[in-house]
Amino acid sequence: MREPIEDTIAPLPGLVDAHSHTWTSPEFDADYPRVTERAWAAGLVGVVEAATDAASAAVCLELAREDARIIAAVGLHPEHADRMAEDRSAIEALARDPLTRAIGEIGLDFSRGADVPWPTRTEQQTAIEWQLELARELRVPVAIHTREADAEGWATLSAWVKRVGRYLGPDREVGMMHCFPGDEELAARYLDLGFLISVPGTVTFANSKRGQAVARAIPLEGMLVETDSPYLTPVPYRGRRNEPACVAETARFIASLRGCAAEEVARATSANAARLFGVTLPTA
Ligand SMILES: [Zn+2]
């Protein structure tokens, strides 16, 4: 377990954390009400809670029912792709809940060596194809995780969009690339394809030259910001347990990279999140 952050995080009103695993992670079991309060105190107006399997998907929906600021994403993560037989029908039922605002977190993760138990590439491919179809059928966007699968991810998603088109309408994206791992060139291709690029806290790391180049290059209308709590904690809290409030640090860092006001980053990324997930957010 990582050490919680005790400092008060300076607020940045109107932000949305576009991807977290806060209430569904055991790392917050002891203090999640306090972490929730810290998120609202930091000025957040929405947090996307992303499921990784059927059990966490049910929790995401319960949370969304209790608090309109929590946006539920329902799906089977590539790390659990070998559980499709057990989880598929439950996820399909939960995905039909009108509070399901995205199918996620889904994707391809080829980062593990053969020594670690991990779903095969075929299992992962089957799980993502099923869930891409589910998203189109239910007319919700997708939240995508790709790791060491740039080429395979692009091949899968570009073929899908070619087949289904901009099924949420010409003015709405069809998905987000959570914790975008690629370079500027790949980011530009995903923007063209109809995806938003989500920038995580790792952009603040001194050695994150590629992430910083992406955060500088893409238009604000194509950007989301996220924590991926409890992981990927931004500077100055690197190494501690991440939490939604920290998205304010990431947004401020992006503003400094781009030479614009942090409020501008907050306004644009939250408008993008509202459009993608089809939600109305309180204005800051
Ligand atoms: Zn995640």
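Miscellaneous remarks
- Only helical runs count toward this figure. For the chain, summing -39,500 (n - 2.57) over DSSP H runs of n ≥ 4 and dividing by all residues gives -13000 deg cm²/dmol at 222 nm.
- Close amide H pairs (under 5 Å, H built 1.01 Å from N) link Leu224 with Ile197, Ser198, Val199, residues at least 5 positions away or on another chain.
- The chain, dipole about Cα centre (Lys/Arg Cβ +1, Asp/Glu Cβ -1), debye to the nearest 20: 760 debye
- Pairs of Cα atoms farther than 24 Å apart, the stretch 15-277, %: 43 percent
- Each of Tyr231, Pro181, Ala72 was placed along the dipole of the chain (beta-carbon charges, centred on the mean Cα), and the one lying farthest toward the positive end is Pro181.
- Across the stretch 88-97, coupling constants 3J(HN,Hα) worked out from phi with the 6.51/-1.76/1.60 Karplus curve, θ = phi - 60°, read 4, 5, 5, 5, 5, 5, 5, 5, 7, 5 Hz, and Gly and Pro carry x.
- Placing a pseudo-label 7 Å from each Cα along the Cα-to-Cβ vector at Arg258 and Glu6 gives an inter-label distance of 3.5 nm.
- 3J(HN,Hα) along the stretch 6-14, derived from phi through the Karplus expression 6.51 cos²θ - 1.76 cosθ + 1.60 where θ = phi - 60°, amounts to 9, 4, 7, 8, 4, x, 9, x, x Hz, with x in place of Gly and Pro.
- Cα centroid of the stretch 9-28 to Cα centroid of the stretch 142-194, whole Å: 24 Å
- Overall form of the stretch 125-268 per C-alpha gyration tensor (a/c, 1.5; a/b vs b/c): prolate
- Interchain or long-range residues, amide H under 5 Å from Gly175's placed H: Val142, Leu196
The numbers here are math on the coordinates, done by the rules we state, and not lab data. Fair warning: this is a prediction, and the values are worked out from it, not measured in the lab. For neighbour counting, all protein chains shown are included, and Cβ atoms are generated from backbone atoms with ideal geometry for every residue, glycine included.
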